[in-house]
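Here the structure comes first, spelled out in structure tokens, and everything after it is commentary.
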Amino acid sequence: MRRIPIIGVTAGVDEAGRAVVADAYLCAIRSAGGLGVIITPVEREYETWYQVQGIDGLVLSGGGDISPLLFGEEPHRGIGRVDSVRDVWEMTLCRLAVKSGRPILGICRGMQVMNVAFGGDLYQDISSRADTICHQQTSARGTTWHTVRLAEGSRLGTLLGKRIAVNSYHHQAVRRVADGLTVVAVAADGITEAIEGQAGRLVGVQWHPELLPDMRPLWTSFVETATETK
């Protein structure tokens, strides 16, 4: 029997103290040949290390805003709900996953977590830029909202093409990209929409591919990469 890679999906914690993760992530992983398992925030690094050892790949899911203190800024007025425990935990997960050779797929907030974890920073609220398009769609879930241009030769560009339509549910965004990561997709206003590192083993997308049927090549590629984890 072919070995099925185990993909850890990070959960947030809501205001009632419940661990929350959308089932769409798990369905996308399963459709691509993997088995998704939900992992929840812990505060001790050795516990996070054990979480990493139990998975073959890591998906950093979407969620709330990231504390600006983690990239050296004070909070602006446009900041939303922050969960600092989750922030620190996911950034520790990122670093330990890289050290352990696990591939990472960061989605929306997850891409931003990746960037800050490795030394980059964020726009706390992109509405502070006068030239941005609307990045918080008002159309139904599962529909696309704006286009992005993908870099030729990038892993995402090879998988998805040069120009694609994506969904959009964010008001924070990558500003200065961390060393070791590269911008591989931008929106029409120049906002970073995807980053890659380690020859495509680290991928972050600002959209939600688990909600879009055209994104299956991304999930299949990620799960196949996780199969290589030893």
>> Please give me, ordered by residue number, the GluC sites (Glu not before Pro) of region 134-198 that lie in loop per DSSP and have at most 13 other Cβ atoms within 10 Å.
In response: 152
> Going by average Cβ neighbours within 10 Å, how do the peptides 26-32, 210-216, 221-227 rank, with the highest at the top?
Replying inline: 221-227, 26-32, 210-216
>> From the phi angles alone, apply the Karplus equation (6.51, -1.76, 1.60; θ = phi - 60°) to region 112-117 and give each ³J(HN,Hα) in whole Hz, x where the residue is Gly or Pro.
In response: 5, 4, 4, 5, 5, 4
> Semi-axes, largest first, in whole Å: what does sqrt of 5 times each Cα gyration tensor eigenvalue give for the chain?
Replying inline: 24, 22, 17
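Compute the semi-axes of the equivalent ellipsoid of region 64-184, taking the square root of 5 times each eigenvalue of the Cα gyration tensor, and list them largest first in whole Å.
Working from the Cα gyration tensor, I get semi-axes of 23, 21, 13 Å.
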> What does the charge add up to near residue 14, with Lys and Arg as +1, Asp and Glu as -1, over the other residues with Cβ less than 12 Å from its Cβ?
Replying inline: +1
>> Loop only by DSSP, 16 or fewer other Cβ within 10 Å of the Cβ. Give me the GluC sites (Glu not before Pro) in region 1-103 that pass, ordered by residue number.
In response: 15, 43, 73
> When the chain is modelled as a GNM with alpha-carbon springs shorter than 10 Å, which of 57, 72, 157 fluctuates the most?
Replying inline: 72
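No value in this document is a laboratory result; all are computed from the given coordinates. These numbers come from a predicted model, not from an experiment. Cβ sites come from the backbone with ideal geometry, for glycine too, and all protein chains shown count toward neighbours.
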